[in-house]
Every structure is written in C-alpha cells, then in structure tokens.
Amino acid sequence: MEMLFVISTDRGGRILAPLAHACIRKGIAWGCFFTNDGVRLLADSGIKNLMDMANQAIACEHSWQRFMAEKHCPVELGSQTNHSAMLARTARVITI
C-alpha cells in the first residue's frame, strides 16, 4: 500500500475525505486505520462509502467498543497489531 491514513480524531473527516479522493483520482493504493474517537467517523455515510474504495480499512476494536459499542462496524475490527502490520507494508503515513 502506498498511503496509510491513521485517523485518531472525530474531527478528521474534513481532512480525510479530500485526501482519499485525491488518492482515488491518482490511482494511489491507500488504506485507513481508525482509532480513539476517530472511529466515530465511520458513522458518516460519506466516509463509509470511501472505505469501500480503500485497499484496507480497519477500526481499533477497543476504540470501537468505547465509542460506538451499540453500532455495527462497517469496516474490519482489529488491534494495534493490525495497525503495526499496516505500517510495515506502507510507503507513506499521514496521521489525522
């Protein structure tokens, strides 16, 4: 994967969406790891739709349980181990 977005705040949607769209336009392989209250962004239909175009999208299971426990997670649930694996396979990382 060429680009990984690590989203750790629920205010990151206004940054994530344009960057993800730019990756799509340029044909750049990208993915997302959602943690902390950044998992709340997955309740936004626009962000959910973008995740369908990501190479990989994972939400921290602990963060999901903390902030969104009663809702269905639209992406794979994982751990910080998944985050580390994604980092190892990624050329560039942007934290939001």
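Results, tabulated for the structure shown:
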{"quantity": "Under 5 Å, built H, 5+ apart or other chain: amide partners of Leu77", "calculated": "Ala59"}
{"quantity": "Point-charge dipole on Cβ atoms (K/R +1, D/E -1) for the chain, about Cα centre, debye to 20", "calculated": "280"}
{"quantity": "Dimensionless Rg/Rh of the range 1-93 - Kirkwood Rh, Rg from C-alpha atoms", "calculated": "0.93"}
{"quantity": "For peptides 42-52, 27-37, sequence by mean Cβ density within 10 Å, most packed first", "calculated": "27-37, 42-52"}
{"quantity": "Taking Leu4, Leu77 and counting other C-beta atoms within 10 Å, the order from fewest to most", "calculated": "Leu77, Leu4"}
{"quantity": "Ranking of Ile94, Ile7 by count of other Cβ atoms within 10 Å, fewest first", "calculated": "Ile94, Ile7"}
{"quantity": "Order of Met68, Met86 - criterion: other Cβ atoms within 10 Å of each residue's Cβ, fewest first", "calculated": "Met68, Met86"}
{"quantity": "Sites matching trypsin sites (Lys or Arg not before Pro) across the range 1-38 that sit in DSSP coil, with at most 16 neighbouring C-beta atoms within 10 Å", "calculated": "Arg11"}
{"quantity": "Relative contact order of the range 3-95, defined on C-alpha pairs under 8 angstrom at six or more residues apart (%)", "calculated": "35"}
{"quantity": "Residue-by-residue Karplus 3J(HN,Hα) for the range 36-51, coefficients 6.51, -1.76, 1.60, Hz, glycine and proline x", "calculated": "6, 7, x, 4, 4, 4, 6, 7, 7, 4, x, 5, 4, 5, 5, 5"}
{"quantity": "Val6 long-range amide H proximity, modeled H, under 5 Å", "calculated": "Phe33, Ile94, Thr95, Ile96"}
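None of the figures in this text is laboratory data; all of them are computed from the coordinates on show. Here the structure is a predicted model, which means the values were calculated and not measured. Positions of Cβ are generated from backbone atoms using ideal geometry, with glycine treated the same way; all protein chains shown enter the neighbour counts.
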